[in-house]
């Protein structure tokens, strides 16, 4: 009877340890799942572990203003969707009088029916500026 009691006690201890290890593993898994997705790393900051911040948009090589317009802006600006000024029309000549700083700010922040960045989240400010200039040039 003593052996059975000892065996059951050992089994119980083993299960308790297993449950404790499992709880720790679960806690670690929960912590891993809810941790912050990313962090800001500034080039030259030693706390980043030597990782360099990406120099360009995640697309690799720089895009031309025409490429940005054709792949990102034309969906609305070629058709006039949501009141967008159409490419190649006097709408853009009128907007040119507002100045590039105002037009760029409107593109970055959104205006009227245009959402911020025209939903081009991988466009840099320079990409947007080039596309705006492309549309201005196309209205002349």
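Computed from the coordinates by the stated procedures, all read-outs in this text should not be read as laboratory data. All values derive from a computational prediction rather than experimental measurement. Using ideal geometry, Cβ is built from the backbone for each residue, glycine included, and neighbour counts are taken over all protein chains shown.
Residues in region 63-89 that are touching a residue at least 24 places away in the same chain (Cβ under 8 Å) and assigned to a loop (DSSP other than H, G, I, E, B) were compared, and the one that is surrounded by the most Cβ atoms within 10 Å (Cβ to Cβ) is 63.
Against the list (1) closer than 13 Å to residue 137 by Cα; (2) part of a helix (DSSP H, G or I), the condition residue 104 fails is (1).
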